[in-house]
1. Have a look at 32, 66, 93 and tell me which one the Gaussian network model of the chain (Cα, springs below 10 Å) gives the largest fluctuation.
2. Within 13 Å, Cβ to Cβ, of residue 124, how many net charges do the neighbouring residues add up to if Lys/Arg are +1 and Asp/Glu are -1?
3. About its Cα centre, what dipole magnitude does region 176-245 give when the only charges are +1 on Lys and Arg Cβ and -1 on Asp and Glu Cβ, stated in debye to the nearest 20?
4. For the chain, which DSSP H helices look membrane-span-like by this rule: Cα extent along the axis of 15 Å or more and mean Kyte-Doolittle of at least -1.0?
5. All other residues with a Cβ under 14 Å from the Cβ of residue 214 taken together, and with Lys, Arg as +1 and Asp, Glu as -1, what is their net charge?
6. Rounded to the nearest 20 Debye, what is the dipole magnitude of region 7-198 about its Cα centre when Lys and Arg each give +1 and Asp and Glu each give -1 at the C-beta?
7. What nm value, rounded to one decimal, do you get for the distance between residue 235 and residue 41 when each label is placed 7 Å out toward the C-beta?
8. In nm, to one decimal, how far is the residue 11 label point from the residue 90 one, both placed 7 Å along Cα→Cβ?
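Read the figures in this text as sums done on the coordinates, not as results from a lab. The structure displayed is predicted, hence computed values, not measured ones. Cβ coordinates were reconstructed from backbone atoms using ideal geometry, including for glycine residues, and neighbour counts include every protein chain displayed.
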Amino acid sequence: MSNVAFHLVELDKVDSTNAEALRRASSGERGPLWIMAHRQTAGRGRSGRRWQSGDGNLMATLLFAPECQPSALHQLSLLTGVAVHDALTVYAPIETSAPRRLRLKWPNDILLDTSKLGGILVESTSFAGTIVAAIGIGINIAAAPALADRAVARLNDIAPEAPSARDILAALDAQLRQWLATWHAGRDFEAIRAAWLERAGPIGEPITIHAGKSLVSGLFAGLATDGALLVQHHNGDVESFTTGDVSLGASDSMG
């Protein structure tokens, strides 16, 4: 994989590529370093969920020191979504006009139509004053593991030629380097915000936010300047959310 600019460690099996990245960070590694595994025994997603994967899928983590303010770390999830979207279109060119088939869902999902194609988990820590981030990325390429609570998709159903996980990682490496340079350690998040919105669902789409014990339905109203999700209630008020899980469509009880 000479076309991957960041250093790569390829593992046959690991508990979690994010966990392995953070272990290496605790031993002094600062990257930028890709850790890719063919199999994970304890992959994880947001909110402690287990990340289900399968043979031929991408399971990788980028470990690096982002040199940004701690308040900007959450922006990496949106930035990575943009990079993943653009990397996938290299191998599966998809009509970009509305309605978009390949799209982003706040804060960390990649969708094909309304089915989950991939996810992102950003974790960070600090060693001797240096912030280290681990960006975990899982993409269903050859297999679409069944999930009880959502529909799933795989890239090979729409790719003209079935790409490998190495192929996708090479494209992702190039896109992440480009978008990290654009982001400029958080000093140009507006460019990331605009790019994310261009690749997301339409403004005005009904969505439901699961925030803690509350359930709020409304219309997607874009992103705030800090990356928070904006939801318009049916009385016209707009509310921002910095945490929560988003599902498409409205719940029975409208917010």
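1. 93
2. Values: positive: 30; negative: 67, 123.
Net charge around residue 124: -1.
3. That gives region 176-245 a dipole magnitude of about 240 debye.
4. Details: long enough: 75-91 (26 Å, 1.02); 165-183 (26 Å, 0.17).
Flagged H segments are 75-91, 165-183.
5. That works out to -1.
6. That gives region 7-198 a dipole magnitude of about 460 debye.
7. 5.4
8. Inter-label distance under the simple model: 2.4 nm.
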